[in-house]
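Here the structure is laid out as structure tokens; the discussion comes afterwards.
The values are calculated or read from the model by the stated rules, or taken from the named source; none is laboratory data. In this text, all values refer to a predicted model and were calculated from it rather than measured experimentally. Quick reminder, even Gly has a Cβ in these numbers, built from the backbone with ideal geometry, and neighbours come from all protein chains shown. SASA here: full protein model, heavy atoms, side chains in, ligands and nucleic acids out. Shrake-Rupley method; radii C 1.70, N 1.55, O 1.52, S 1.80 Å.
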Amino acid sequence: QVQLVESGGGLVQAGGSLRLSCVVSGSTFSSTAMGWFRQAPGKLRELVAFISSGGSTNYADSVKGRFTISRDNAKTTVYLQMNSLKPEDTAVYYCNSRFSSWHWGQGTQVTVSS
């Protein structure tokens, strides 16, 4: 069974940065496209960024130029570097395969104050 453990969230002022990590166990991580998702209160979960097994990346328009997704196959970990954070980035952040085919982890809370 695949397990996802997200970490790195916290409270930050607008304009600040955070780096999220997600350790994946129990899967063929290196051959799986991975995604970061977020869910703000009262809103649907949305895909923020994804990275292919080969390292190609794609971002939602709302985070393009501010967020960077990366992966370390040796550590079975996917990262999300978030810069120039805005209050509207406040949400619980989750990782999953690109098409969210695994059970969700607990997520990590990101709160951006204005």
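So if I check each of F67, F37, which one is under 23 Å from Q1 (Cα atoms) and modelled with pLDDT of 95 or more? Spell out the reasoning first.
Details: F67 fails: under 23 Å from Q1 (Cα atoms).
Residue meeting the stated conditions: F37.
Any residue at all in the stretch 61-71 that's among the small types (G, A, S), on the phi < 0 side of the Ramachandran plot and surrounded by 13 or more Cβ atoms within 10 Å (Cβ to Cβ)? Please lay out each step first, then the result.
Here is the first cut: in the stretch 61-71, the ones among the small types (G, A, S) are 62, 65, 70.
Filter once more, so that each one left must be on the phi < 0 side of the Ramachandran plot: 62, 70.
Those left that are additionally surrounded by 13 or more Cβ atoms within 10 Å (Cβ to Cβ): 62, 70.
Yes, the conditions are met somewhere in the stretch 61-71.
Residues that are open to solvent by 60 Å² or more (accessible area, probe 1.4 Å) and charged (D, E, K, R) within the stretch 1-59 comprise R19, K43, R45, E46, listed in sequence order. Taking each residue of the stretch 34-53 that is farther than 11 Å from N96 by Cα and looking for partners that are open to solvent by 60 Å² or more (accessible area, probe 1.4 Å) and part of a loop (DSSP other than H, G, I, E, B) with beta-carbon atoms closer than 6 Å, six or more apart or interchain, yields Q39/R45.
Considered as a group, the residues in the stretch 19-33 that are more than 11 Å from the chain's Cα centre (by Cα) and touching a residue at least 60 places away in the same chain (Cβ under 8 Å) include one that is farthest from V63 (Cα to Cα), and that residue is S27.
So that you can scan it fast, the table gives a plain yes or no per residue for (1) acidic (D, E); (2) over 14 Å from Y94 (Cα atoms); (3) out of contact with any Lys or Arg (no Cβ under 8 Å at 6 or more places or on another chain):
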site	(1), (2), (3)
V12	no, yes, yes
G16	no, yes, yes
L20	no, no, yes
A33	no, yes, no
R38	no, no, no
G42	no, yes, yes
A60	no, yes, yes
L80	no, no, no
